[in-house]
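S.K.: Can you read through this structure? Questions will come right after.
The values are calculated or read from the model by the stated rules, or taken from the named source; none is laboratory data. Here the structure is a predicted model, which means the values were calculated and not measured. Positions of Cβ are backbone-derived with ideal geometry, glycine not excepted, and every protein chain shown enters the neighbour counts.
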Amino acid sequence: MAEVETQWMANPNRYDDETYNRCGKSGLILPKITLGLWQNFGGVDVYETQRAMIRRAFDRGVFHFDLANNYGPPPGSAEENFGKVLAQDLKRHRDELVISTKAGYRMWPGPFGEWGSRKYLISSLDQSLQRMGLDYVDIFYSHRVDPNTPLAETMGALDQIVRSGKALYVGISSYSPEMTRQAHAILKDLGTPCVIHQPSYSMVNRWVEEGLLDTLSELGMGCIAFSPLAQGLLTNKYLNGVPEESRAALEGSFQPGMLTEENLNRVRALNEIAKRRGQTLAQMAIAWVLRRPEVTSALIGARHVQQLDNSLDALNNLEFSAEELAEIDKYAGDAGVNLWQQSSDSQAPV
Ligand SMILES: NC(=O)c1ccc[n+]([C@@H]2O[C@H](COP(=O)([O-])OP(=O)(O)OC[C@H]3O[C@@H](n4cnc5c(N)ncnc54)[C@H](OP(=O)(O)O)[C@@H]3O)[C@@H](O)[C@H]2O)c1
């Protein structure tokens, strides 16, 4: 007889610590830490490891999962895998979950397979819903500005998506402060609020401090900061060389220029500050982005449950003294602005 899998039971105390924030001035609430499925959740990765991470995250109060049409590899497979975990373990918790996806990067051949046309965004979301087995997502993003499509068309598509019930909220990712203002204004006129921005932000990548965070605060928008660990650089994993099981060991998203001796010296100094705070460097890096009141959630990635657990323990110490912040500035400074400002998840290894 085939073995019958017993139904997984989620931790009943998962909301006890109330570790969540309001997203700008909207009704949307997000956990302080969100799990992203860009890397390590593809068809090439081990499904049971992915499933264990998603369950563990949910058990620890992480009710937001961030995806995009192209996450994999192969593109689309992260959504398929997430849909499988949803069907197996999380279906009955659907109304507790905030699931986001995006479109903007290359997903299929031809002129309608990327960017920001109405045709691309709407058909891409239809495909994403099918891959995940969902009727709607909670947040749908325009993943990047399309310089050749009128912004009014891209925002019009987001408005249409909300009206059609396929997304509850919409947002934008990696838009400049000026484009954010324009996008927000167009959506406001259409009657659909632009509730969230998803930019990159970390101790070594501070472009959002030059206008974007002020803009979001003024517009009442939330902010979910991606790659707070600078893809793993702001952890202790590269201090003694490049481990085989690491992003830097693979071709693709991790830019080789990140692991210079100069950057590693910065990381060593930051690691000492973290130790004095009784944290790992990963924990300090996550706490550091959350110190800003404009940041609703820190959007992290993880390779396995141990990493995830380590990162989620960042919530045990979110306070920084002025001296600690000054010391972090001294070592991290603007080290990586040029390296990561343009960070995009189009470069996932295929
Ligand atoms: N909107 C956009 O354009 C965009 C772009 C990029 C990302 N994102 C979103 O942001 C999410 C997070 O991005 P990310 O994965 O680059 O974030 P990240 O949190 O900066 O980096 C995650 C990586 O850091 C390492 N790591 C994580 N926790 C660790 C720990 N406790 N100790 C040691 N190492 C640890 C792992 O690297 P190894 O795998 O090497 O072990 C892990 O894969 C994505 O999944 C996606 O949802 C959005």
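S.K.: If I ask for residues that are outside any helix (DSSP H, G or I) and away from the ligand (no atom under 16 Å from the Cβ), which ones from segment 121-146 would you list?
M.R.: G133, L134, D135, Y136
S.K.: Check whether at least one residue in segment 180-200 is within 20 Å of L299 (Cβ to Cβ), within 13 Å of the ligand (Cβ to nearest atom), part of a helix (DSSP H, G or I) and touching a residue at least 12 places away in the same chain (Cβ under 8 Å), and report yes or no.
M.R.: no
S.K.: If I ask for residues that are touching a helix residue (DSSP H, G or I) at 6+ places or on another chain (Cβ under 8 Å), touching a residue at least 40 places away in the same chain (Cβ under 8 Å) and of a type outside the set (A, V, I, L, M), which ones from segment 145-173 would you list?
M.R.: D146, Q160, K166, Y169
S.K.: Right, something else. Confirm whether S346 is within 14 Å of the ligand (Cβ to nearest atom) and modelled with pLDDT of 95 or more.
M.R.: No: the conditions fail for S346.
S.K.: Six or more apart or on different chains, Cβ atoms under 8 Å: show the pairs whose first residue is in segment 107-123 and within 15 Å of Y141 (Cα to Cα) and whose second is of a type in the set (K, R).
M.R.: Listed pairs, sorted by first residue: E114/R106; W115/R144; G116/R144.
S.K.: Residues that are surrounded by fewer than 22 Cβ atoms within 10 Å (Cβ to Cβ) and near the ligand (Cβ under 10 Å from one of its atoms): find the helices (runs of 4 or more DSSP H) completely inside segment 227-331 holding 3 or more of those.
M.R.: Those helices (runs of 4 or more DSSP H) span 305-312.
S.K.: Kindly evaluate V204 against the criterion of being crowded, with 21+ Cβ neighbours inside 10 Å, more than 10 Å from the ligand (Cβ to nearest atom) and modelled with pLDDT under 95.
M.R.: For V204, the condition - crowded, with 21+ Cβ neighbours inside 10 Å, more than 10 Å from the ligand (Cβ to nearest atom) and modelled with pLDDT under 95 - is met.
S.K.: For segment 17-44: of the residues being farther than 20 Å from I286 by Cα and in contact (Cβ under 8 Å) with a residue 12 or more places away in the chain, which is farthest from the ligand (Cβ to nearest atom)?
M.R.: So, considering only residues that are farther than 20 Å from I286 by Cα and in contact (Cβ under 8 Å) with a residue 12 or more places away in the chain, the one farthest from the ligand (Cβ to nearest atom) is K25.
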